[in-house]
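Here is the structure we will look at, set down as structure tokens.
The values are calculated or read from the model by the stated rules, or taken from the named source; none is laboratory data. Small disclaimer: the values here were computed from a predicted structure and weren't measured. In this analysis, Cβ positions are derived from the backbone assuming ideal geometry, glycine residues included, and neighbour counts consider all displayed protein chains. Heavy atoms of the whole protein, side chains included, go into the accessibility calculation; ligands, DNA and RNA do not. Shrake-Rupley method; radii C 1.70, N 1.55, O 1.52, S 1.80 Å.
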Amino acid sequence: MYDIANIRNQFPILNETVYGKPLVYLDNGATTQKPQCVLDVINDIYMHKNANIHRGVHHLSNVCTDLFEQARKTVARHINALSDAEVIFTRGTTEAINLLAFSFGETYCRKDDEIVITTMEHHANIVPWQMLCERKGMKLRVAEIFDNGELNTEHLYSLLNERTKLVCVAHISNVMGTVNPVKQIISKAHSYGIPVLVDAAQSMPHKTIDVQDLDCDFMAFSGHKMYAPNGSGALYGKAKWLNEMVPYHGGGEMIDKVTFEKTTYNQLPFKFEAGTPDYISAVGLGRAIDFMEEIGMAAIEEHEDEIVKYTINQLGGIPGIRFIGEAKEHSSAVSFLLGNVHPYDTGMILDKMGIAVRTGHHCAQPLMDRFGISGTVRASFGVYTTKEDIDALVKGVDRVRMMMS
Ligand code: PMP
């Protein structure tokens, strides 16, 4: 039994009103709200435990170090990493991918090598690879998608060759909710000896993730999209790669020994964690994972899949609705356009009704170009999304239709 009333009770912000109307929060793909247990853990550290980690001999420093390393264990266990050392804390997906693009690029890539991405990537999984290609004189190859928003895997496979250094693919499209067959893509890429990065920003909040089962080489995700504080997230990498890769940032904590002549680096994962990390947000990430596991990842997935189906069904009844992304495997978000109404106008009118949706290109401009549109309206879901939220959205969109026609 999915106890949604109990889940909602744990999110203080859901009691807020907007323009005097109850908040209907359907912007979870951008960021999720935080449960009381995560807010409490942050507060508790600042009020009772705070001290910089790793470097101290004193009590509070050791307490925070233990909490931080415990959070790493929680992340590693949650994604079934072989070892805690394969989890590098970052500020989120963007930083994780930039880290990888630099460290992987400097270690393994040469002129004329190629990186393969897809048409549906978020800018965070495009631009760092473009920057690498510019630095090294490499080529970015882009796998096509079908009109229904599914990835053309045969086209992706046709791009793989001896020059391909890495395949970078979103697990779930942040715009269309398309779930990509990443396990199959990884297996195919590995048959050519090519490693794969999975951008799990949109899948980690919604699905059971097992990096060993997927056999991905790298995975990036953001804490703030999975009920954890801003400034938390991680790059998972197989130790065999991470051990070989040069570090990204230089500074404190990532070193073994520093002299002016030469510096040697710390072991994993510290080699990639220069400076003071956001250890409090990392602890919050660990607590958010516990929160999701208490509900159960399978239960979350089932609930949200039902919400996606319900949304498509109910919105689909409104004349003039066009969905952007109608993949068979569809999770977590629904994008649409209403006749000729600009997405921004739809979003503005919905906002006045207390309904928070995101409009625009969703940091996926090449995908917008692929569909010949400037943006969409996106409703995206979380553990606390109810059918009543969707009913409010549908009523709101129908009102927009009447106002604008
Ligand atoms: N990739 C995808 C698929 C995303 O949805 C997002 C966030 N919208 C990102 C990467 C970037 O995440 P962040 O801004 O948290 O670094």
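Please determine, by comparing only the residues of segment 360-375 that are of a type outside the set (Gly, Ala, Ser) and away from the ligand (no atom under 14 Å from the Cβ), which one is surrounded by the fewest Cβ atoms within 10 Å (Cβ to Cβ).
Asp369
Give all pairs with beta carbons closer than 9 Å in which a residue from segment 153-177 that is of a type in the set (D, E, K, R) meets a residue that is open to solvent by 10 Å² or more (accessible area, probe 1.4 Å) and assigned to a helix (DSSP H, G or I); count only pairs at least 6 apart in sequence or on separate chains.
Listed pairs, sorted by first residue: Lys165/Tyr108.
Counting only residues that are more than 20 Å from the chain's Cα centre (by Cα) and at pLDDT 95 or above, give me the strands (runs of 3 or more DSSP E) lying completely in segment 81-144 with at least 3 of them.
Correct list: 139-143.
Considering only segment 145-159, state which residues are under 25 Å from Phe221 (Cα atoms) and surrounded by 15 or more Cβ atoms within 10 Å (Cβ to Cβ).
Ile145, Gly149, Glu150, Leu151, Thr153, Leu156, Tyr157
When residues of segment 106-131 are filtered for being without any contact (Cβ under 8 Å) to a residue 40 or more places away in the chain and crowded, with 20+ Cβ neighbours inside 10 Å, how many remain?
Final tally of qualifying residues: 2.
Scanning segment 229-251 for residues that are under 22 Å from the mean Cα position of the chain (by Cα) and outside any loop (DSSP other than H, G, I, E, B), which turns out nearest to the ligand (Cβ to nearest atom)?
My answer is Gly233.
Could you tell me which numbered condition Gly375 fails, if it satisfies all but one of (1) touching a residue at least 40 places away in the same chain (Cβ under 8 Å); (2) in contact with a His (Cβ under 6 Å, 6 or more places away or on another chain); (3) under 16 Å from Ala30 (Cα atoms)?
Among (1) touching a residue at least 40 places away in the same chain (Cβ under 8 Å); (2) in contact with a His (Cβ under 6 Å, 6 or more places away or on another chain); (3) under 16 Å from Ala30 (Cα atoms), the lone unmet condition for Gly375 is (1).
Restrict the check to segment 58-71 and report whether at least one residue is under 30 Å from Ile4 (Cβ atoms) and at pLDDT 95 or above.
There is at least one residue in segment 58-71 that is under 30 Å from Ile4 (Cβ atoms) and at pLDDT 95 or above.
What tally of residues in segment 198-215 results from selecting those that are over 15 Å from Met297 (Cβ atoms) and either within 15 Å of the ligand (Cβ to nearest atom) or not assigned by TED's automatic domain parsing to the domain that holds Ile126 (or both)?
Of the residues in that region, 3 qualify.
Given the structure, is Met254 under 23 Å from the mean Cα position of the chain (by Cα) and open to solvent by less than 20 Å² (accessible area, probe 1.4 Å)?
Against the criterion (under 23 Å from the mean Cα position of the chain (by Cα) and open to solvent by less than 20 Å² (accessible area, probe 1.4 Å)), Met254 does not qualify.
Among the strands (runs of 3 or more DSSP E) contained in segment 288-405, which hold 1 or more residues that are touching a Phe, Trp or Tyr at 6+ places or on another chain (Cβ under 9 Å) and of a type in the set (A, V, I, L, M, F, W, C)?
In segment 288-405, the matching strands (runs of 3 or more DSSP E) lie at 321-323, 333-338, 376-380.
How many residues are outside any loop (DSSP other than H, G, I, E, B), of a type in the set (D, E, K, R) and under 30 Å from Gly252 (Cα atoms) if we restrict to segment 1-55?
Residues that pass the stated criteria total 3.
How about segment 162-186: which of its residues are in a helix (DSSP H, G or I) and more than 15 Å from the ligand (Cβ to nearest atom)?
Lys183, Gln184, Ile185, Ile186
Can you name the residue in segment 208-228 that is open to solvent by 10 Å² or more (accessible area, probe 1.4 Å) and assigned to a loop (DSSP other than H, G, I, E, B) and, of all such residues, is nearest to Leu39 (Cα to Cα)?
Thr208
All but one of (1) in contact with a strand residue (DSSP E or B) (Cβ under 6 Å, 6 or more places away or on another chain); (2) without any contact (Cβ under 8 Å) to a residue 24 or more places away in the chain; (3) not β-branched (Val, Ile, Thr) hold for Asn313; which doesn't?
Tallying (1) in contact with a strand residue (DSSP E or B) (Cβ under 6 Å, 6 or more places away or on another chain); (2) without any contact (Cβ under 8 Å) to a residue 24 or more places away in the chain; (3) not β-branched (Val, Ile, Thr), Asn313 fails exactly one: (1).
Within segment 58-102, work out how many residues are within 16 Å of the ligand (Cβ to nearest atom) and open to solvent by 50 Å² or more (accessible area, probe 1.4 Å).
3
State all residues of segment 187-207 that are surrounded by fewer than 21 Cβ atoms within 10 Å (Cβ to Cβ) and part of a helix (DSSP H, G or I); if no residue qualifies, say none.
Ser187, Lys188, His190, Ser191
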